[in-house]
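The structure appears below as structure tokens.
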Amino acid sequence: MRIPRSVRFPDWLLLGAAFALRVWRLDRPSLWYDEAFSVVLARGAVWQPLEAHPPLFHLILRLWMGLAGSTAFAVRFPSVMAGTLTVAILGAMAARLSGSRTAGRIAWGLGATLPFWIWESREARMYALLGMWTALSLWGLVRRCPVGATMAALAGVYTHYAMLWMLPGLLALLVRQGPVGRRGALGLALAAIPGALHAWWVGRTQGAFWAGRLDLLRALIDLGKAQGLQAPMAGYLLPEGLPWAPGMIAGALVAMAGLLYGGRRSEVWRLLLLTGLLPLAIGLGLLYFNPKFHVHYFIGVTIPIWLAVGVGGGDGFRGGRLFPMVVGILAWALLVGPPLAGILGRPERIKDDWRGAVAAVEARRGPQEAVVLVSGFALPAYQVYARSSLPLPLPADPVVDVRHVLDYETVAPILNAHLAGRSGAWLVQWGDEINDPAQVVAAALDWIGDEIETLTFAGGIRVRHFVWGAFRPLPSDPAALFGHPGQPLGSHLVWLGYGLPGGQRPIDQPLPVIAGWRIVGPLPSGLRASLRLEWADGTLWGQWDGALGGETWDTARWPWPRTWLTRYTVQAQVGAPPGRYVPRLVVYRAGTVWLDARLDPVDMGPPQRPYRDPRWEKPPLVRWPGLALTHIDVEGEPRACQPL
């Protein structure tokens, strides 16, 4: 059947909706780390060999920024256009493969409103462009234009190396298109070799992920949930109310019904198998031993999948079947409605708020106060909004490296040199669970001075303000921090001592404790610490339990000989009375206690402000005259008050 070439009003309406959903309030969210990294790279060298991504996107972004500037709207706009073009190509392919304008419009509707594609089209990253190149290469194959398919695929390889997973299937389809296709396949394979070698080298040398194995089932589930933005992703903060099971079930049913109908066409099934399922298997297989899994990498895989769903929708709704069409639209609305309301209604709440964090530091920072950034690889996110401050990055790594964990011997001389002559410091923490899981920098600043305020921002960004009178340098010998050589715990761990804040603290503020540890040999896995807040008679009023050096830094991985400062905090439970408390530090592993130490007493004063349960801020569940039911607890005793 021949498809009319004219584009009618409903077609323009769907494409206009795709553009509008991608551009709406585009500048409201702050640029998060990955986006800021793209901007900084586009302004500078365009490509870093240690960076895992090839240079084409950053080159395009650099040229675009020369014309449009580097505002959040400007740097995200190329992704908007790439995402809109992807939707247009998807509908055109569906119409051509099915011989039905209805299939094209269904595919346009799916692509225009698919939350995952909308999200990627609103990011100053290369994933929307990767999706566009994938769609263009498939469009070239569908139209039997192997030259176009080859060029688009090659552009995709040098936009993001995930395109390499698509190549086996694309090459198999190209060789089916005659001599021109076979020559294109050979040229594509040869031209992709430099990218493949660089991707292999980066995978072998970069420290962007911890050793381990990828949970394949979990990865597949996350990829499916991400289509409706129902799963956490890098740079995406899950809005309140998500994940929503009815939406996920409805979306899965729509996808399965479409695939069952669309997969009956041999050409659609061939595309789905070779450019959808095969690259998915290759990608998961390659990531299995280097498990830095992000669903963004698989945006190209989703294009033939949703293409098949669109074609299947056109086949299923032939003859104007009104009832199944209404049911399908309602089911799709259940999937896309809540996440779109979250990312478009309050977009400033769904990304890391670097704009707000940097603005707060620069508005409050005194002329003699320094700024310290942990982890240091987040420097681009700070720089993109900084106007009057340049932070000290710790560690000074250009990209994330999980192998570079800060210890006292590394941190002390750097802080001494940078903070001499200063009256205070602002510590900005993000990604510190990677490079400073034990909180060495925070503990060192706590020893130098006093923490007077902590600010928190979306995405887990924490801004902490430390002040001091005369700067007190950190001693080169960590034992001098505590005044004694330490207490051995086992054969390879020495407890150097502890530090407590002076003066009285409000009972509703966490109590911080600094502890020093010297490691002289290998430690067993699973050492944990428990910090308790007790009265002299042993009554427990607060408890914290966690890994000795942070949940991402198991003691079996601690190198030696090294010294670590750790910073633990314990919060008194609601209603704890003011008075004198005795902190108690316990180190244990399984059922064996390594240390049980009662620390010096601390005086806890009246609370700073009346207690307000956040559940009381929500509308009451039930109202009666003069009475409102705010919440029902079915939990047991709070975890903080359970014994070890």
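The values are calculated or read from the model by the stated rules, or taken from the named source; none is laboratory data. These numbers come from a predicted model, not from an experiment. Every residue, glycine among them, receives a Cβ derived from its backbone with ideal geometry; neighbour counts consider all protein chains shown. Side chains are part of the model used for accessible areas, which takes the heavy atoms of the whole protein and leaves out ligands, DNA and RNA. Shrake-Rupley method; radii C 1.70, N 1.55, O 1.52, S 1.80 Å.
Shown in residue order for the stretch 72-79 are the 3J(HN,Hα) couplings computed by the Karplus curve 6.51 cos²θ - 1.76 cosθ + 1.60 at θ = phi - 60°: 4, 5, 5, 6, 8, 5, x, 5 Hz (x for Gly and Pro). Each listed q (0.13, 0.15 Å⁻¹) maps to a log10 I(q)/I(0) for the stretch 415-564 from the Debye sum over equal C-alpha point scatterers, namely -0.70, -0.94. Rolling a 1.4 Å probe over the protein heavy atoms of the chain, with every protein chain left in place, gives an accessible area that is 63 percent carbon and sulfur.
Distance distribution note for the chain: the fraction of Cα pairs above 43 angstrom is 34%. Counting Cα-Cα pairs of the stretch 448-494 in 5 Å increments starting at 0 gives whole-percent bin shares of 5, 15, 13, 14, 14, 13, 15, 9, 1. Axis of helix 146-157 versus longest Cα principal axis of the chain: the two differ by about 0°, to the nearest ten degrees.
Tell me the Kirkwood hydrodynamic radius of the stretch 531-579 in angstroms, computed as one over the mean inverse distance between distinct C-alpha pairs.
On the way: mean 1/r = 0.0762 Å⁻¹.
Evaluated over the stretch 531-579, this radius sits at 13.1 Å.
Which whole-number value in Å² is the accessible area per residue of the chain, probe 1.4 Å?
Working: 28170 Å² over 644 residues.
Here the per-residue accessible area is 44 Å².
With contributions of -39500 (n - 2.57) from each DSSP H run of at least four residues, the per-residue ellipticity at 222 nm computed over the chain stands at -13500 deg cm²/dmol.
Applying the criteria of a DSSP loop state and at most 16 other Cβ atoms within 10 Å to the GluC sites (Glu not before Pro) of the stretch 358-414 yields no site.
Students sometimes get this wrong: rank TRP558, TRP535 by accessible area, probe 1.4 Å, all chains present, largest first. Don't jump to the answer; show the numbers that get you there.
Details: TRP558 5, TRP535 80 Å².
Of TRP558, TRP535, the descending order of accessible area is TRP535, TRP558.
Cα-based values for the stretch 282-421, radius of gyration first and Dmax second, are 24.6, 80 Å.
Cα gyration tensor of the stretch 47-206, axes a ≥ b ≥ c as square roots of the eigenvalues: rounded (a/c below 1.5), prolate (a/b > b/c) or oblate? Intermediate values should be presented prior to the final figure.
Working: a/c = 2.10, a/b = 1.07, b/c = 1.95.
Oblate shape, in that a/c is at least 1.5 and b/c is the bigger or equal ratio.
What's the magnitude of the charge dipole for the chain around its Cα centre, counting Lys and Arg as +1 and Asp and Glu as -1 at the beta-carbon? Answer in Debye, nearest 20.
Working: 58 positive and 43 negative charges, 618 e Å.
Roughly 2960 debye, rounded to the nearest 20.
Please state the shape class of the stretch 211-344: rounded when a/c is under 1.5, otherwise prolate if a/b exceeds b/c and oblate if not, all from the C-alpha gyration tensor. Here the stretch 211-344 falls in the oblate category.
Placing a label point 7 Å from the Cα of ASP600 along the Cα-to-Cβ direction, the residues of the stretch 506-521 with a backbone N closer than 15 Å are 512-516.
To the nearest ten degrees, helix 56-68 and the longest principal axis of the Cα atoms of the chain are 90 degrees apart. Distant-in-sequence amide contacts of GLY526, defined by a placed amide H-H separation under 5 Å and a gap of 5 or more residues or a different chain, comprise THR555, ALA556. For ARG204 and TRP269, the FRET efficiency from 1/(1 + (r/R0)^6), where r spans their Cβ atoms and R0 equals 25 Å, is about 0.10.
The average projected area of the stretch 362-472, computed from the convex hull of its Cα atoms over all directions, is 6.6 nm². Computed with a 1.4 Å probe on the full set of protein chains, the accessible area for TRP332 sits at about 30 Å². On a 0 to 90 degree scale, rounded to 10, what angle separates helix 178-191 from the longest Cα axis of the chain? The helix 178-191 is inclined about 20 degrees to the chain.
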